[in-house]
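Chemist: For reference, the structure I am asking about is given below.
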Amino acid sequence: MSTSPLYPLWLRAWHWYNAALFLALMVSGVSMHYAGTDWLLGFNQAVAIHNVSGTLLALGWIAFVLANLKSDNGRHYLPRPRGLVRDLWVQARYYAYGIFRDEPHPFHAGPAAKFNVLQQLSYLGAMYLLMPLLILSGLGFLLSPLLPETLLGISTLWLVAMTHVLTSYLLVLFLLVHVYIITIGDSLTANLRAMLTGEHGTSDDTQETDRHAS
Amino acid sequence: MTHHCSRPRPTRWLAGALLALVTSLLAPVASAVETARDHECLRCHAMSTLAYREPDSGEIRSLALDPQRLDHSVHAELACSDCHARGYGRYPHRAKLADEQLGCVECHADDPADATYRLDRIAEEFAASVHASSDHHKLRQFDCHSCHDPHAFRASQVGDDLGAIVRRDNQTCLDCHHRVTDPLRGSHAWLPQRDAHWAAVRCIDCHTPTTPQASHQILAAADSSKRCVACHSRDSRLREGLYRYRLAQDRAEHGWLTSLVRNDAYIVGMSRSPLLDALSLAILALVALVIALHGYGRYRLARRRKENDR
Ligand code: HEM
């Protein structure tokens, strides 16, 4: 058992809290967007679920940011600027080509770095660009009576709505890719188990990963 | 000096004289309202304080008109005497004149515009509304003028600002139903974002049955719509009612581009952009397809590896 797990308890707790809320928000959000469709949730019910889960998700996000500032987990999201393009190319080439040639995985998760550069960029984009926009625009909906009617000649509420719907589509896209990418680990479910139990099969044990790669 | 007592109603006479005095003092103010200067009557009736006390009930009744609103009303072109024909030469006017019945239908029955407004239909709808069927004591004298002040009324036009239409329309209801806005009354507490709704939709959008034109059949509170999807859906009733103005204007002015960039409130479930949705769903489907193919490739690889191991 490693002294500092790659996925400490607070992170795992946040992650599954966040994932559950995100699923609730997806179902209720789609129900509102396509309101009137029979097999979706009723509008009133969807509004109630969406408002409550959205508020909880926003609070969770604030906790996530604070916890990453206080712990050293935050550094895992920052790509190394030097050789960034090369790293990107190596990782993308592996996913698109190398993986089918049975090439060794160019990246090994360990305490020094638990994400490859593509994971870093997608987590960074999702958590520090899309999530704040999503949360702010959601807050904009909630507080819409307080907003000015127009912003630069365009209805403020319309801008809020477009930001919200666009960022939510992009985050669903992120989720789709995210849930697939996590199956590319030492085994199909190694990453999933790591996020559940905190134990990562490859943690700082280079020998094990070498054995697998050969 | 003593008062002349030959007149039967000395107090009235006195009041008239006083009124004339006040009027002459205020005349510059009245005539400063340039747009209404043609209306001789407005020399008095533009004074916002002009009023009398109802002898029976003791209620103060305003006799004032807002000249600006009159000037913007459908009836701005008319001379006062077109409707208020006889007996106004005397000051103050005789009391019984106040009882004259001036209906809308009397003038508008032969109106070519009647073909669009269908006054007979309006009369039927009104007869079925709570305003006609309730025996509430405040509704005893309810008629067209209770809502449509003939000195201010103007139907909404294509091109009018939606917010202004909503505000003007709802004020008509709130003039009597002002207690609805009392924060301690829960009649609209069920409605999420109550104030946002009140600023964006008309009372009648929920409190009348859906008809292509604004209905005059005001429903009782219990019969009014609480169905969110009546508005929040693709075939929103707002498209028939309130947004009719907007849609006609959009089409006339800008064409398809306005379906992307709007100046109106976004209505969840109604004003979603079909283009954005189609594009997003297409991208999601494409990514799902790539993932499926990628997964299949990995599956084949794993099977091959297993066979090699054997
Ligand atoms: C049912 C849905 C989800 C599943 C099954 C899932 C699964 C996982 C797994 C197995 C990991 C660890 C693998 C890795 O570190 O790359 C992970 C990490 C992560 N997930 Fe998810 N996830 C889900 C939803 C979400 C959502 C909705 C978000 C954000 C909007 C999210 C954000 C993250 C982040 C930021 C990490 C990295 C955390 C860290 O190690 O610092 N996940 N997820």
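Chemist: Given A:Val179, A:Val117, A:Val165, A:Val160, which one is at pLDDT 90 or above, closer than 28 Å to A:Val85 by Cα and surrounded by 15 or more Cβ atoms within 10 Å (Cβ to Cβ)?
Modeler: Values: A:Val179 fails: surrounded by 15 or more Cβ atoms within 10 Å (Cβ to Cβ); A:Val165 fails: closer than 28 Å to A:Val85 by Cα; A:Val160 fails: closer than 28 Å to A:Val85 by Cα.
Going through A:Val179, A:Val117, A:Val165, A:Val160 in turn, the sole match is A:Val117.
Chemist: Based on this model, can you work out whether A:Ala58 counts as touching a residue at least 60 places away in the same chain (Cβ under 8 Å) and of a type in the set (A, V, I, L, M, F, W, C)? Before you say what the answer is, go through the steps one by one.
Modeler: Values: touching a residue at least 60 places away in the same chain (Cβ under 8 Å): yes; of a type in the set (A, V, I, L, M, F, W, C): yes.
When the stated conditions are applied, A:Ala58 passes them.
Chemist: Related question: Output yes when any residue across the range B:227-235 is within 12 Å of chain A (Cβ to nearest Cβ), under 19 Å from the mean Cα position of the chain (by Cα) and buried (at least 16 other Cβ atoms within 10 Å of the Cβ), and no when none is. Spell out the reasoning first.
Modeler: Step one: of the range B:227-235, the residues within 12 Å of chain A (Cβ to nearest Cβ) are B:227-235.
Now restrict to residues that are under 19 Å from the mean Cα position of the chain (by Cα): B:231.
The next check asks that each one be buried (at least 16 other Cβ atoms within 10 Å of the Cβ); those that pass are B:231.
Scanning the range B:227-235, I find at least one residue that is within 12 Å of chain A (Cβ to nearest Cβ), under 19 Å from the mean Cα position of the chain (by Cα) and buried (at least 16 other Cβ atoms within 10 Å of the Cβ), so the answer is yes.
Chemist: Moving on. Could you tell me whether B:Ile267 is surrounded by 14 or more Cβ atoms within 10 Å (Cβ to Cβ), at pLDDT 80 or above and more than 8 Å from every other protein chain (Cβ to nearest Cβ)? Please lay out each step first, then the result.
Modeler: Details: surrounded by 14 or more Cβ atoms within 10 Å (Cβ to Cβ): yes; at pLDDT 80 or above: yes; more than 8 Å from every other protein chain (Cβ to nearest Cβ): yes.
Taking the combined requirement at face value, the residue satisfies it.
Per-residue answers, yes or no, for (1) within 13 Å of the ligand (Cβ to nearest atom); (2) within 14 Å of chain B (Cβ to nearest Cβ); (3) part of a helix (DSSP H, G or I):
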{"residue": "A:Leu6", "(1), (2), (3)": "yes, no, no"}
{"residue": "A:Ala13", "(1), (2), (3)": "yes, no, yes"}
{"residue": "A:Ala20", "(1), (2), (3)": "yes, no, yes"}
{"residue": "A:Met26", "(1), (2), (3)": "yes, yes, yes"}
{"residue": "A:Met32", "(1), (2), (3)": "no, yes, yes"}
{"residue": "A:Asp38", "(1), (2), (3)": "no, yes, no"}
{"residue": "A:Thr55", "(1), (2), (3)": "no, yes, yes"}
{"residue": "A:Asp87", "(1), (2), (3)": "no, no, yes"}
{"residue": "A:Ala92", "(1), (2), (3)": "no, yes, yes"}
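Chemist: Being closer than 26 Å to A:Pro79 by Cα and buried (at least 18 other Cβ atoms within 10 Å of the Cβ) is the filter here, so list the residues in the range A:131-155 that pass it.
Modeler: Within the range A:131-155, A:Met131, A:Leu134, A:Ile135 meet the criteria.
Chemist: Can you report the number of residues in the range A:61-105 which are surrounded by 15 or more Cβ atoms within 10 Å (Cβ to Cβ) and of a type in the set (Phe, Trp, Tyr)?
Modeler: 5
Chemist: So, in the range A:109-162, of the ones that are within 13 Å of the ligand (Cβ to nearest atom), part of a loop (DSSP other than H, G, I, E, B) and not aromatic (Phe, Trp, Tyr), which residue ends up farthest from the other protein chains (Cβ to nearest Cβ)? Let's see the steps before the verdict.
Modeler: First, pick out the residues of the range A:109-162 that are within 13 Å of the ligand (Cβ to nearest atom): A:109-111, A:113-135.
Imposing the further condition that a residue be part of a loop (DSSP other than H, G, I, E, B) reduces the set to A:109-111, A:113-116.
When the remaining residues are screened for being not aromatic (Phe, Trp, Tyr), the result is A:109-111, A:113-114, A:116.
On the way: A:Ala109: 19, A:Gly110: 23, A:Pro111: 27, A:Ala113: 24, A:Lys114: 22, A:Asn116: 16 Å.
Among residues in the range A:109-162 that are within 13 Å of the ligand (Cβ to nearest atom), part of a loop (DSSP other than H, G, I, E, B) and not aromatic (Phe, Trp, Tyr), the one farthest from the other protein chains (Cβ to nearest Cβ) is A:Pro111.
The values are calculated or read from the model by the stated rules, or taken from the named source; none is laboratory data. Everything numeric in this text was worked out from a predicted model, so none of it was measured. No Cβ is skipped: glycine too gets one built from the backbone with ideal geometry, and neighbour counts run over all protein chains shown.
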